[in-house]
Amino acid sequence: MKFDLSKFIGQVKLENVTLKVSETLFKKFKLEKLLKECEITKDKGSPIILLLTIMLLTMLSGSRSVYCGIKNSLWKKYKNPISTMLNNAYYDWDKLLYKIAIIYSKLHSNKADEFSIIFDDSSKKKFGFKTEFSGIFWDHCSKNIFWGFQNVVMGFYDGVRCIPLAFASKIGKKKIKKAKRAKAPRGSRIAKKITLSKKQKNEICIEMLKEAIKQKIRFAKVIWDTWFTNNTTMSYVFGELVPRGIHMVGMLKKSAQKFKLNDLFLDFKELYHKAGVWQIDEETGIKFKTIIVGLLDTKSAHRIKDRTVLGQIKICFYRYPGVRKYKMIITTDLKLSALEVLSVYLRRWSIEVMFRDLKMYFGYDQYKTSKYCAMNSDLSIRCIFYILFCHRKEMENYKSTEECVFNFFNEISELVFYEIIELVLKKKLFNLLDKAEQMGYKTISELKANLDNFLELYFKNEWYVDKIVDISCVKNSA
C-alpha cells in the first residue's frame, strides 16, 4: 500500500525533512548560497530554503494548488510566508534560474558541441475573471481560443534533454474586461518582467538571447519554428549572432516572400524547382534538396529590387516517405549538409518533452493565484526544481522523469514514516511509564521484575478488552 505523504508529513519536524531534501537535491547546486547571491533572503521568520522545500513536497504530492497542499499537510502557518515570498516584487527568481542553468551546463560540459538554445511557446490557461493582465489567445495546437497567458520559453539543450532557461508570460492586447492591472514598484524585478511581456514574441525572443549572452551561456545553435522566423529576428541573427559564430536553424512557412538568387528575385515555388532533383537517404527514405540564396531585409525598402541582403541562407526542402507535401528548413550555417540541418532541427522536440514533464510532474498549472508576480515566481521555482531533477536523473541513470520523481518521493516518504513511528513509540512509552508510576512502581528494575503482570493489567485497563463487542452481535440486535 502506498504511503500517503501529504496526510502525515505535517506531523514531523520540517527541519529533518528539509535537511534530507537539501542533501539529496539542493547540495550539488549550493542552492542556499545562490539564494543569498540573488538577494532572496529573509531577516526573520521561516527560511527561504524551508519554504521551497514545502512547495516541492506539495508539488510532488499532486495537490491542486500550493494552498491545498499546505492545508492537507497541516501547514497552515506557512501559507502567509509562502504567499509573501512569491509576491515579493524584488526577489529575482529569473537570475536564480540562470545561475542554476549555468551550473547544470558546467556539470554536463562534455557535450558542449551540441549546446543549443531552443525557443517555443506554450499556453498557460487562467480562468479567473480578475486575474492580473489575463488576456485572450489563440492556441495553434488545439485550434481553440483560451484565457490566460502565452508563455514564450527559451530552453537550453545539453545534447540529451532541454531545460528551461528563461520565460515570459506574454501579456496580450485582447484583455479580459475585468482583468486587473498589477501594481509593480518602479525598478523592481516584476516591473521589468511586465515591460518585457508586453512586447511582441520576436522582440521577447531577442531580449532573451541578449540576456543569455550577457549571462555567458555557451551555445552554438539557435533553433525555433516558423513563429520566430521573421525579418526582425533574422536581422538580429545576422547582426549579432553570426559574427559570434552562433548559427540559426528554423522552420520556414510558405508565403509570398522573395529571395535573391544571383540577380533574380524568386519565391518558394521558383526556388523549389531551381534546387534540382530530389536526393534520397537510403536509411530513412527521406527526400531532400538544397539551395543557397540571399535573405532580403523587408524593412530596408518598399520595392523588392531596392532591398538589401541580410545574409546568405541555405534553404533545405524535405519530403518524408508517403507524404506529398514538403517542408522547408533554413539555416545560416552554409557548411551543414541537408541531413545535418534536419538532425539539428529535430533537437527542437526536446522542448516539447520538457513542457510535458513540467505539466505532468512539476505542476505547470498548479498555482491558482490571480497575482501576476506570484504566478511568475511560482513558475520560476518549478523550472528550478525541474533542472535539479534533470541532473539527478542523469547522475542516477533513471530511464524516465517519472521514475526519478517517484524514487525521490519514496525516499522522503520513508523518512517521514520512520519519524512518525518514532513519535508514536515515544508517546506510548510515556503513557506506559505514567501508568507504572500510578500503580506504585518506583524504579525501572522493579518494573522489569513484574513486567508481565504490569502489561496484563495495563492492556486490560487501558485497552478495555472486556468491552469489545463482536460486530455481528450488534447487527443481530439491530
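The values are calculated or read from the model by the stated rules, or taken from the named source; none is laboratory data. What you see is a predicted model, and the numbers here were worked out from it, not measured in a lab. Cβ: placed from backbone, ideal geometry, glycine included. Neighbour counts: every protein chain shown.
Overview of values
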read-out: Counted residues, the range 439-451 - those being in a helix (DSSP H, G or I), surrounded by fewer than 10 Cβ atoms within 10 Å (Cβ to Cβ) and at pLDDT below 80; value: 0
read-out: Boolean, Lys199 is surrounded by fewer than 17 Cβ atoms within 10 Å (Cβ to Cβ), at pLDDT below 95 and part of a loop (DSSP other than H, G, I, E, B); value: yes
read-out: Subset of the range 338-381 that is within 18 Å of Leu56 (Cβ to Cβ), among the hydroxyl-bearing types (Ser, Thr, Tyr) and assigned to a helix (DSSP H, G or I) - its residue that is nearest to the chain's Cα centre (by Cα); value: Ser380
read-out: All positions within the range 214-267 that are of a type in the set (Gly, Ala, Ser) and either in a loop (DSSP other than H, G, I, E, B) or under 28 Å from the mean Cα position of the chain (by Cα) (or both); value: Ala220, Gly245, Gly250, Ser255, Ala256
read-out: Of all residues making up the range 197-213, the number that are β-branched (Val, Ile, Thr) and within 19 Å of the chain's Cα centre (by Cα); value: 1
read-out: Top-ranked residue in the range 167-191 [being among the aliphatic types (A, V, I, L, M) and in contact (Cβ under 8 Å) with a residue 60 or more places away in the chain; ranked as surrounded by the most Cβ atoms within 10 Å (Cβ to Cβ)]; value: Ile190
read-out: Inter-residue pairs, beta-carbon under 7 Å, first in contact (Cβ under 8 Å) with a residue 12 or more places away in the chain and in the range 276-300, second in a loop (DSSP other than H, G, I, E, B) and small (Gly, Ala, Ser), 6+ apart; value: Lys289/Ala275; Lys289/Gly276; Thr290/Ala275; Ile291/Ala275
read-out: Residues that are farther than 15 Å from Leu342 by Cβ and among the acidic types (Asp, Glu), drawn from the range 257-281; value: Asp263, Asp267, Glu270
read-out: Residue that is under 10 Å from the mean Cα position of the chain (by Cα) and assigned to a helix (DSSP H, G or I), where the choices are Ile384, Ile412; value: Ile384
read-out: Those residues of the range 179-212 which are of a type in the set (Ser, Thr, Tyr) and in contact with a helix residue (DSSP H, G or I) (Cβ under 8 Å, 6 or more places away or on another chain), in sequence order; value: Ser197
read-out: Meets criteria (over 30 Å from Ile40 (Cα atoms), assigned by TED's automatic domain parsing to the domain that holds Tyr345 and in contact with an Asp or Glu (Cβ under 8 Å, 6 or more places away or on another chain)) for Asn231; value: yes
read-out: Pick from the range 69-83, criterion modelled with pLDDT of 75 or more and not β-branched (Val, Ile, Thr), ranking: farthest from Asp357 (Cα to Cα); value: Lys77
read-out: Checking Cys316 against (1) surrounded by fewer than 20 Cβ atoms within 10 Å (Cβ to Cβ); (2) part of a strand (DSSP E or B), the condition it does not meet; value: (1)
read-out: From Tyr104, Tyr98, Tyr91, residue being more than 30 Å from Asn144 (Cα to Cα) and in contact with a Ser or Thr (Cβ under 7 Å, 6 or more places away or on another chain); value: Tyr91
